[in-house]
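Everything on this sheet refers to the single structure shown next.
The values are calculated or read from the model by the stated rules, or taken from the named source; none is laboratory data. Small disclaimer: the values here were computed from a predicted structure and weren't measured. Positions of Cβ are generated from backbone atoms using ideal geometry, with glycine treated the same way; all protein chains shown enter the neighbour counts. The area values use the complete protein model at the heavy-atom level, side chains included, leaving out ligands, DNA and RNA. Shrake-Rupley method; radii C 1.70, N 1.55, O 1.52, S 1.80 Å.
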Amino acid sequence: MLGVLIAAVVTVWVGYLLFKEYKAQTVIFVAGIILLACAILMGKPIIAVKQSMGFAWLDIFKVVEDLLSNRVAGLGLMIMSVAGFVRYMDHIGASKAFVHLGVKPLNFFHSPYVVLALAFIVGQMMKIAIISAAGLGLLLMATMFPILIGLGVSRLSAAAVIVTSSCVDLGPASATSQLVAKNAGIDVVTYVAQYQIIIAIPVILTVAILHYFVQQWFDKKTGHIAVRSEIVATKAEGEQTPPLLYAFLPLLPIVLIFIFSPVLGSKIRMSVIAAMLIGLFVSMVLEYIRCRDYKKVAQSIQKFFDGMGASFASVVSLVIAAETFAAGLTAVGAIDTIIKSTQTAGFGDHAMILVMQSVVAGAAVVTGSGDASIFSFAALAPTMAKQMGIDPVHMLLPMQFAATAARSISPVSAVCIAVAGLAMVSPMDVAKRTAIPMVGALIVTTIANFFLF
């Protein structure tokens, strides 16, 4: 029980500092080191004898070294390649072209709240290619927001739909999907095709329906009257519109990954990293055809590397810090004790999944980061699932959905703050409007996971 007590104190301390907006990587990383140090003081091994440096206190840094070696070369490189490709898509205007094309069909509908529900679905589909929740939110504010306002929807309703458009990290390009697949021991395409989409479809439809009724109810409650006006998507002065073909570039790697995957019976194996590099190559060729300036195109590849570096600093570093924290929790014996206690108390696998889902959701609401919450606890799931006798993916999947849905409820999340600022409304008011649809998403996720798998 001493290990559980130490883990509880350290975890509460981490939560408090994250709530106070301390740097997440530093807080979680230091917490992991503290837990590893406590394990040594308790006489518990923190690393296999064959891997030991010969001195227990130095083994703390050996644990971190091993995590760095494994994650940077594997999952880390995968995440960085996706981030680099996304940065390049932004640079050449392909992301904007993709969003502009995606929102055009909304102009054909006249019922404001039907369009609102459809706008959520369109935005969620775009999340497959635009992996940043805040980035997608900003793009939709420049394109979808004016359309919704022009149809007579209130600013708060439009902002709520845009914030929740990233409530499911759908697709193989998502860092959380890659993390879940890695911890579940399966290919990311297999995870997306055989597990994630099956849950995502009822979740997305549920949220769209709830938005239709909830936002209409909120607008009536506040006295808002839907009046149609001229619809004009915002465009910066002097901004050049990229070719229509560019709208399909963000989807190219995802299409390649799905076509050359075991799910479709392909004998060719296409990794995420290779798909991103192919997408980069094709995009650079098209950029040269477009501008006929080889020097400019050659220099543009720096955007790809800048995106990779930024991703290492923000995302990959968080993964490593979180796994150090998870290693510390395991080393002090907290995980084994909790699992044995729940089994003794008669807690089944469903109850344990609900506990992990709730912890991740709570962390996401408090910190405003879906990535930080799932990264912090995902590494614990395989061990817990093994001891509970269940497939790790059945625990990890609802944890992923809980993290991203709960992020949309948090008024301190980057996407909520950014969208609310541009919409000139309060982030807290936006969060109130996202709460019911996101709670609905969590309920459907839980039920679907229990009954479908």
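Can you show me the helix-derived [θ] at 222 nm for the chain, built from DSSP H runs with n ≥ 4 at -39,500 (n - 2.57) apiece and divided by the number of residues, rounded to the nearest 500. Mind showing how you got there, number by number?
On the way: 22 runs with 320 residues, N = 453.
-23000 deg cm²/dmol, from helical runs alone.
What net charge is computed for the residues neighbouring Gln194, neighbours being all others with C-beta under 14 Å from the C-beta of Gln194, Lys and Arg scored +1, Asp and Glu -1? If you can, show how the numbers build up before the last one.
On the way: positive: none; negative: Asp187, Asp391.
Value of the local net charge: -2.
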Worksheet item: Which of the lysines could a cross-linker span from Lys220 if the Cα-Cα distance has to be under 27 Å and same-chain partners fewer than 8 positions apart are dropped?
Response: Lys432
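Any idea what the dipole of the chain comes to, in debye rounded to 20, about its Cα centre with Lys/Arg Cβ at +1 and Asp/Glu Cβ at -1?
With only Lys, Arg, Asp and Glu charged at Cβ, the dipole is about 420 debye.
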Fill in: Over region 82-147, volume per residue of the alpha carbon convex hull, in Å³
69 Å³
Worksheet item: Mind checking which lysines have their C-alpha under 22 Å from Lys96, skipping anything on the same chain fewer than 8 residues away?
Response: Lys104, Lys127, Lys235, Lys296, Lys303
Discussion item. Using the crude model of +1 on Lys and Arg Cβ and -1 on Asp and Glu Cβ, and no other charge, please compute the dipole size for region 349-453 relative to its Cα centre, in debye to 20.
Written reply: 160 debye
Worksheet item: So what's the net charge close to Ala175: Lys and Arg +1, Asp and Glu -1, counting the other residues with Cβ under 11 Å from its Cβ?
Response: -1
Worksheet item: Using a cut-off of 13 Å between alpha-carbon atoms, which aspartates and glutamates can reach Lys386, once sequence neighbours fewer than 8 places away in the same chain are excluded?
Response: Asp336, Asp349
Worksheet item: Given q = 0.06, 0.07, 0.09, 0.14 Å⁻¹, what are the Debye log10 I(q)/I(0) values for the chain, with equal point scatterers placed on the Cα positions and solvent ignored?
Response: -0.27, -0.37, -0.60, -1.35
Worksheet item: Roughly what angle does helix 77-92 make with the longest principal axis of the chain, taking Cα atoms, 0 to 90 degrees, to the nearest 10?
Response: 20 degrees
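Using a probe of 1.4 angstrom, how much of the accessible area of region 50-182 is carbon and sulfur, in percent?
Working: 2920 of 4270 Å².
Ligands and nucleic acids excluded, carbon and sulfur reach 68 percent.
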Fill in: Cα-centre dipole for region 9-139 with unit charges at Cβ (Lys and Arg positive, Asp and Glu negative), debye to 20
140 debye
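Within 15 Å, Cβ to Cβ, of Met42, how many net charges do the neighbouring residues add up to if Lys/Arg are +1 and Asp/Glu are -1? Working shown, then result.
Working: positive: Lys44; negative: Asp59, Asp336.
Here the count lands on -1.
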Fill in: Derived scalar couplings ³J(HN,Hα) [region 118-123; Karplus, 6.51 cos²θ - 1.76 cosθ + 1.60; whole Hz; x for Gly, Pro]
5, 4, 4, 5, 4, x
Item to complete: Tell me which residues come under 5 Å, amide H to amide H, from Ser174 once H is placed; ignore anything under 5 positions away on its chain.
Response: none
Worksheet entry | Computed over region 123-204, the ratio Rg/Rh where both radii use C-alpha atoms and Rh is Kirkwood | 1.07
Fill in: Estimated vicinal HN-Hα couplings, Hz - region 380-396 in sequence order (Karplus 6.51, -1.76, 1.60; Gly, Pro = x)
7, 4, x, 5, 5, 5, 4, 6, 8, x, 10, 5, x, 5, 6, 8, 6
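For the chain, what relative contact order do you get, as a whole percent, if you take Cα pairs closer than 8 Å and at least 6 residues apart?
On the way: 678 pairs, mean separation 122.3, N = 453.
Answer for the chain is 27 percent.
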Item to complete: Provide the gained length on full extension for the span Ile443 to Tyr16, in nm with one decimal, where the gain is 0.36 nm per separating residue minus the Cα-Cα distance.
Response: 151.0 nm
Practice prompt. With no solvent and one equal point scatterer placed on each C-alpha of region 315-453, evaluate the Debye formula and give log10 I(q)/I(0) for q = 0.09, 0.19 Å⁻¹, two decimals.
Written response: -0.30, -1.08
Fill in: In Hz, Karplus ³J(HN,Hα) per residue of region 143-150 (6.51, -1.76, 1.60; θ = phi - 60°; x = Gly, Pro)
10, 7, 4, x, 5, 5, 5, x
Worksheet item: Once label points are set 7 Å from the Cα along Cα→Cβ at both Val255 and Lys432, what is their separation, rounded to one decimal in nm?
Response: 4.5 nm
